[in-house]
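Down below is the structure, laid out as structure tokens.
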């Protein structure tokens, strides 16, 4: 169940992911694919659950692509980031306190998974898909490195903020 408090948090995190992606592309064009969006989706999924991760993934993709450019790839981006959000959200439900280094490594791996999922539609329209995919592996590597850096920096900060923002399950807060 989404409370007003949680919906507000989701809206702010969606904006954080979208703005982070937009400004990373504007401020650091010499570092392609180095943006915090995947890491924000992963962190939110781990801490808030799979539904929240998918919502943030889909909405932040739409929001950032309104500025960066909309196209058929937007659907594949929503699918790829949504699957990452779903996967890490389920992992967060199963593993309540994962070590930072393990999740950082998983976020690096997610960069390569994202790149593969984004490339998959080209299997049907390209004659030499493997050459196409291998030509883009350097971009996937930059994405993976960025995921590791952003996750390592943002996870402890956002985890602490979330613990203050969302009360522990089972405890109800009353406003008087």
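The values are calculated or read from the model by the stated rules, or taken from the named source; none is laboratory data. Just so you know, these numbers come straight off a predicted model, no measurement behind them. Here the Cβ positions follow ideal geometry from the backbone for every residue, glycine too, while neighbour counts run over all protein chains shown.
Annotations
- Candidates 24, 18, filtered to the one that is under 12 Å from residue 63 (Cβ atoms) and in a helix (DSSP H, G or I): 18
- Of all residues in segment 1-15, those being surrounded by 15 or more Cβ atoms within 10 Å (Cβ to Cβ) and more than 14 Å from residue 60 (Cα to Cα) number 1.
- One residue from 145, 137 being at pLDDT 90 or above and closer than 19 Å to residue 24 by Cα: 145
- Count - residues of segment 25-37 that are closer than 17 Å to residue 77 by Cβ and either buried (at least 21 other Cβ atoms within 10 Å of the Cβ) or at pLDDT below 90 (or both): 6
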